[in-house]
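Following: one structure in structure tokens, then a few remarks.
The values are calculated or read from the model by the stated rules, or taken from the named source; none is laboratory data. Quick caveat: nothing in here was measured; it's all calculated off a predicted structure. Ideal geometry is used to build each Cβ from the backbone, glycine not excepted, and the neighbour counts take in all protein chains shown. Accessible surface is based on the protein model in full, side chains and every heavy atom, while ligands, DNA and RNA are left aside. Shrake-Rupley method; radii C 1.70, N 1.55, O 1.52, S 1.80 Å.
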Amino acid sequence: MSLDLSILNEEQRRAVEEIEGPSIIIAGAGSGKTRVLTYKIAHLIESGVSPYEILALTFTNKAAAEMKDRIGKLVEINADRIWMGTFHSIFARILRFDGEKIGFDRNFTIYDSDDSANVVKQIMQNKNMSIENPTPKSIHSEISKQKNKLITPEAYSMYAKSPFERRVEEIYPVYQETLLKSNAMDFDDLLMKPIDLFHNNPDVLDKYQERFKFILVDEYQDTNRAQYQIVKMLAQKYKNITIVGDDAQSIYKWRGAEIQNIFDF
């Protein structure tokens, strides 16, 4: 069955048929961005690219499931062969395979925000600190924000000035050590640790660059700095990367999303 591109308008079709090299698709809400991404993946497969060599990153599991379903109908393949999912789910999977190279075994625990705040609380209590002001939750929120910007405990200590920042400075490195000793990562580590893994193990980075020769990212305006850096590292070798986004719409600014990532692309 040949892929029918007649459903696409001229601009959408141009975006779908552009296979090699980096491409950026900027379009507003309701303009068919997800349709373009779905058809582009289907077109890649029909053009002879193995589903095994495609990485598609989304922001919700629902979006990934819907795209897989549509791709499977368009080109009649088992779309589960495509690595498609949220940044966190995909890179948790990679860390399960190769996390031992940075000190974690494959059965590491993933802490949610409540688990993480409880770790901070325990550290504060061990240090005889008040947990009233600032609270463990506010401390963890600040640590999370810094991780999304790729700020390590060492880097944070260089500009911590206010009483709150100095409190975070004291807790942040202990928090990271505690997670490592517990064979655990928080949600932000699922984005930060792959960068450590790739940076310190060029052979592992090369393995995934060879694996994912074609990379597609949905809702790119909602990426934070860590996500930007991961994608950049993976795409560096073949540069076959497509990003889809709307520079006028970002819903994850509270979570560190940086619209600058689109401009830096």
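The calculated FRET efficiency for the pair LEU180 and SER47, based on their C-beta separation and a Förster distance of 45 Å, comes to about 0.55.
By the Cα gyration tensor, segment 53-97 has an equivalent ellipsoid whose semi-axes, rounded to whole angstrom, run 19, 12, 7 from largest to smallest.
With the full set of protein chains in place, find how many percent of the accessible area of the chain is carbon and sulfur; take the probe as 1.4 Å.
Carbon plus sulfur share of accessible area: 48 percent.
Solvent-accessible area per residue in the chain equals 49 Å², computed with a 1.4 angstrom probe and all protein chains kept. Taking amide hydrogens as placed 1.01 Å from N in the peptide plane, the amide H of LEU216 sits under 5 Å from those of LEU55, ALA56, LEU57, THR242, each at least 5 positions away in sequence or on another chain. Using alpha-carbon positions, what is the distance between the centroids of segment 169-212 and segment 1-56, in Å? For segment 169-212 versus segment 1-56, the Cα centre distance is 32 Å. Which angle between 0 and 90 degrees, to the nearest 10, do you get for helix 189-200 versus the longest principal axis of the chain when only C-alpha atoms count? Tilt of helix 189-200: around 80 degrees.
Over segment 60-167, the fraction of Cα-Cα pairs per 5 Å bin, rounded to whole percents and listed from the shortest bin up, is 2, 10, 13, 15, 16, 12, 11, 8, 5, 4, 3, 1, 0.
Placing pseudo-labels 7 Å out from each Cα toward the beta carbon at ILE7 and ARG166 gives an inter-label distance of 6.1 nm.
Accessible surface for SER89 stands near 50 Å², nearest 10, in the context of the full protein assembly shown (1.4 Å probe). Placing pseudo-labels 7 Å out from each Cα toward the beta carbon at ASN78 and SER130 gives an inter-label distance of 6.0 nm. Taking the C-alpha atoms only, the angle from helix 87-98 to the longest principal axis of the chain is near 80 degrees. Pairs from the list LYS62/LYS207; LYS62/LYS237; LYS101/LYS121; LYS68/LYS145; LYS33/LYS68; LYS33/LYS73 with a Cα-Cα gap above 25 Å: LYS62/LYS207; LYS62/LYS237; LYS101/LYS121; LYS68/LYS145. Considering only ASN224, ASN126, ASN201, the Gaussian network model of the chain with Cα springs below 10 Å gives its largest mean-square fluctuation to ASN126. In this rough spin-label picture, where each label sits 7 Å from Cα along the Cβ direction, the ASP196-ARG14 distance is 4.5 nm. Legend: P(r) of segment 98-223 from all alpha carbon pair distances, 10 Å bins from 0, whole percents, reading 12, 38, 32, 15, 4, 0.
Applying 1/(1 + (r/R0)^6) with R0 = 35 Å to the Cβ-Cβ distance of GLN122 and ASP69 gives a FRET efficiency near 0.20. Candidate cross-link partners of LYS232 among the aspartates and glutamates, defined by an alpha-carbon separation under 17 Å and a same-chain spacing of 8 or more, comprise GLU20, GLU53, ASP196, ASP203, ASP206, GLU210, ASP218, GLU219, ASP222, GLU258, ASP264. Ranking ARG166, ARG96 by solvent-accessible area of protein heavy atoms (1.4 Å probe, all protein chains present), from largest to smallest, gives ARG166, ARG96. Relative to the longest principal axis of the Cα atoms of the chain, the long axis of helix 33-46 makes an angle of roughly 60 degrees.
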